[in-house]
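Okay, so here's the structure we're looking at.
The values are calculated or read from the model by the stated rules, or taken from the named source; none is laboratory data. Model, not experiment: these values are computed from the prediction. Cβ placement follows ideal geometry from the backbone for every residue including glycine, while neighbour counts extend to all protein chains displayed.
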Amino acid sequence: MAPQGGRLLVASRLATSLSRAASVETVAREAVRTLHESFDYYLAVVQRLDPDGYLRVTGRSKELYKSGGELVMPREIEELLSAHEDVAQVFAIGLTDERWGEIGCAVVVRRTGAAITEDDVIALCKAKLARFKVPKRVVFLEQDDLPKTPTGKVQKYRLVPMAEQRVRGAAQ
């Protein structure tokens with residue numbers, strides 16, 4: 001991979017790339033054409049070049065959030081927490097914060113009968129993640145409460161206002 005200036009990407013460094021897809025809706029195609037005439041659609045992904053030469057997708061750039069000046073990749077938090085036996089699904093999102101700019105929030109769907117708590121989630125993250133990556137808030141939702149597309153994909157951008165409302169409600 002040769003980003004700006006033809007320099008090769010160093011193994012384990014992160015980079016954002018733009019991918020092209022030929023089949024997209026006409027509206028999206030027209031909007032993107034203003035960016036660059038020869039591309040139909042852009043998808044910015046964050047990738048890491050492994051020492052074996054393979055690119056590993058680590059997330060989408062629009063899902064990153066900045067907390068206290070540090071970029072946080074939600075996928076790392078999600079992979080850690082989804083490995084826990086009491087967690088059915090998890091989504092890491094950034095919530096607006098006056099002091100830090102954004103803070104991490106883990107939106108967790110518990111497995112049936114599970115009793116994982118906010119303290120459990122935060123303790124697990126503190127044990128395995130860098131301090132700036134540890135979510136400051138945890139919101140628990142039921143599977144049916146997750147905002148989804150007609151095909152069943154969870155819409156993370158719609159989780160943000162839901163989580164902010166619950167966090168504000170709990171603070172009062």
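Let's see how each residue does on (1) modelled with pLDDT under 90; (2) not in a loop (DSSP other than H, G, I, E, B):
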{"residue": "124", "(1), (2)": "no, yes"}
{"residue": "150", "(1), (2)": "no, no"}
{"residue": "164", "(1), (2)": "no, yes"}
{"residue": "170", "(1), (2)": "yes, yes"}
Residues that are among the aromatic types (Phe, Trp, Tyr) and modelled with pLDDT under 95, drawn from segment 77-101: 100
Criterion (farther than 23 Å from residue 64 by Cβ and assigned by TED's automatic domain parsing to the domain that holds residue 166) met by exactly one of 78, 98, 85, 102: 85
Matching residues, segment 94-118, being closer than 22 Å to residue 130 by Cα, surrounded by 15 or more Cβ atoms within 10 Å (Cβ to Cβ), within 21 Å of the chain's Cα centre (by Cα) and β-branched (Val, Ile, Thr): 103, 107, 108
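Any idea which residue in segment 138-161 is surrounded by the most Cβ atoms within 10 Å (Cβ to Cβ), counting only those that are in contact with a strand residue (DSSP E or B) (Cβ under 8 Å, 6 or more places away or on another chain) and without any contact (Cβ under 8 Å) to a residue 24 or more places away in the chain?
Filtering segment 138-161 for residues that are in contact with a strand residue (DSSP E or B) (Cβ under 8 Å, 6 or more places away or on another chain) and without any contact (Cβ under 8 Å) to a residue 24 or more places away in the chain, the one surrounded by the most Cβ atoms within 10 Å (Cβ to Cβ) comes out as 147.
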